[in-house]
Amino acid sequence: MEYRCVANGDAIEVFLSGHLVMEVNSQFRVINTEINGQDGESIVLDLTSVEFIDSAGLGLLLEIKANADKKGRAVSMRVSEGGQVATMLEVAHFGGVIAIIQ
């Protein structure tokens, strides 16, 4: 998995690519630390370049959401239509936890 965080106005955009699985847990700790160190009212997780996500990957997204909630930040996701990631998020009803935007 690769990522980059970009400040965009009042939002912090996190661009993720590759596979979101348990093996990237340590990278997610780094992402959370980086996000927490930045100013911004909201976080946008851009998953359009993520090829695969499993239940552990969903848990990692929930960690970002939990940390954002502590700081009063809104979290949303940008997801490509179709494909494994969109299907997994739909099956898990994840849009009810983290808003999906275009």
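How long are the semi-axes of the equivalent ellipsoid of the chain, taking √(5λ) for every eigenvalue λ of the Cα gyration tensor, in whole Å from largest down?
20, 15, 13
In the range 9-57, what is the volume of the convex hull around the alpha carbon atoms, normalised per residue and reported in Å³?
Normalising the Cα hull of the range 9-57 by residue number yields 71 Å³.
Would you work out what percent of the accessible area of the chain, with all protein chains in place, is carbon or sulfur (probe 1.4 Å)?
Accessible surface attributable to carbon and sulfur in the chain totals 51 percent.
Give the accessible surface of the chain per residue, rounded to a whole number of Å², with probe radius 1.4 Å and ligands, DNA and RNA excluded.
For the chain, the solvent-accessible area averages 52 Å² per residue.
The values are calculated or read from the model by the stated rules, or taken from the named source; none is laboratory data. Remember, it's a predicted structure, so these values are computed and weren't measured experimentally. Keep in mind that these areas ignore ligands, DNA and RNA; they rest on the heavy atoms of the full protein, side chains included. Shrake-Rupley method; radii C 1.70, N 1.55, O 1.52, S 1.80 Å.
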